[in-house]
1. Would you check if residue 69 is under 14 Å from the mean Cα position of the chain (by Cα), surrounded by fewer than 21 Cβ atoms within 10 Å (Cβ to Cβ) and not in a strand (DSSP E or B)?
2. Is it the case that the stretch 20-43 has a residue that's part of a helix (DSSP H, G or I), in contact with a strand residue (DSSP E or B) (Cβ under 7 Å, 6 or more places away or on another chain), hydrophobic (A, V, I, L, M, F, W, C) and farther than 24 Å from residue 85 by Cβ?
3. Specify the residue that is surrounded by the most Cβ atoms within 10 Å (Cβ to Cβ); the eligible residues are those in the stretch 128-154 that are over 15 Å from the mean Cα position of the chain (by Cα) and over 22 Å from residue 62 (Cβ atoms).
4. Restricting the search to the stretch 1-19, which residues are under 18 Å from residue 87 (Cβ atoms) and of a type outside the set (A, V, I, L, M, F, W, C)?
5. Can you name the residue in the stretch 132-161 that is among the hydroxyl-bearing types (Ser, Thr, Tyr) and touching a residue at least 60 places away in the same chain (Cβ under 8 Å) and is also farthest from residue 8 (Cα to Cα) among such residues?
6. Between a residue in the stretch 56-72 that is more than 17 Å from residue 16 (Cα to Cα) and in contact (Cβ under 8 Å) with a residue 40 or more places away in the chain and any residue that is buried (at least 24 other Cβ atoms within 10 Å of the Cβ) and hydrophobic (A, V, I, L, M, F, W, C), which pairs come within a Cβ distance under 6 Å, given they are 6 or more apart or on different chains?
Amino acid sequence: MNILIAYHSDYGNTKKMADAIAAGIRAANAALQPVLKLAEQTSQDDLLDADVIFFGTPVHMGSMAWPMKKLIDEAGKLWMEGALEGKVGGVFVSGGGFGNAGGGVETTMIALHAHFLEQGMVIIGFPKHLSGYAEGGLHWGAYGRSGNHEGMPASISDASLVAARSYGAHVVEMAEKII
């Protein structure tokens, strides 16, 4: 099984989550070696070669970062061909926002899911019984709070990384049942 983790990271938090997801995948199946790539370095061939695709992004004003959106827009060619149908997808997001609200995390995850669904992919969510869900999960996927109470960048918590690791393992376990 080929696994791609494509992400964009502004302050390193989304990269930390990508690394944690990769660690969870390896913990679930030591034979798997996920490929981590920045969104801007991810090609259409990378998407075609993967059986499982994770997309991760920080939230920018209630939506995904533009390098991730650019990758998605470029994948429109693959949609025309139905080339990603049946692949498994998962999403993860880091975000801040005032008042512990997470400022657009859910809308960003929904947008990422919408892309996967348009491509005919199978989406794997984050069940609440998994490790780390309470601190770093939403039913849409893994989430790392990356802002302080003033809305300024801050480091995500270790609990969020536990959630990302758990989510990575879960997605691969479900993919093994599907693929």
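All of the numbers you see were taken from the coordinates with simple rules; none came from a lab. Model, not experiment: these values are computed from the prediction. Because the Cβ atoms are built from the backbone with ideal geometry, glycine has one as well, and the counts that use them run over all protein chains shown.
1. yes
2. Yes: the stretch 20-43 contains one or more residues that are part of a helix (DSSP H, G or I), in contact with a strand residue (DSSP E or B) (Cβ under 7 Å, 6 or more places away or on another chain), hydrophobic (A, V, I, L, M, F, W, C) and farther than 24 Å from residue 85 by Cβ.
3. 132
4. 2, 7
5. Of everything passing the filter in the stretch 132-161, 160 is farthest from residue 8 (Cα to Cα).
6. Filtered contacts from the stretch 56-72: no entries.
Listed here are the residues, each with its yes/no results for (1) over 12 Å from the mean Cα position of the chain (by Cα); (2) over 18 Å from residue 67 (Cβ atoms).
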site: 5; (1), (2): no, no
site: 9; (1), (2): no, no
site: 16; (1), (2): no, no
site: 29; (1), (2): yes, yes
site: 35; (1), (2): yes, no
site: 39; (1), (2): no, no
site: 42; (1), (2): yes, no
site: 47; (1), (2): yes, no
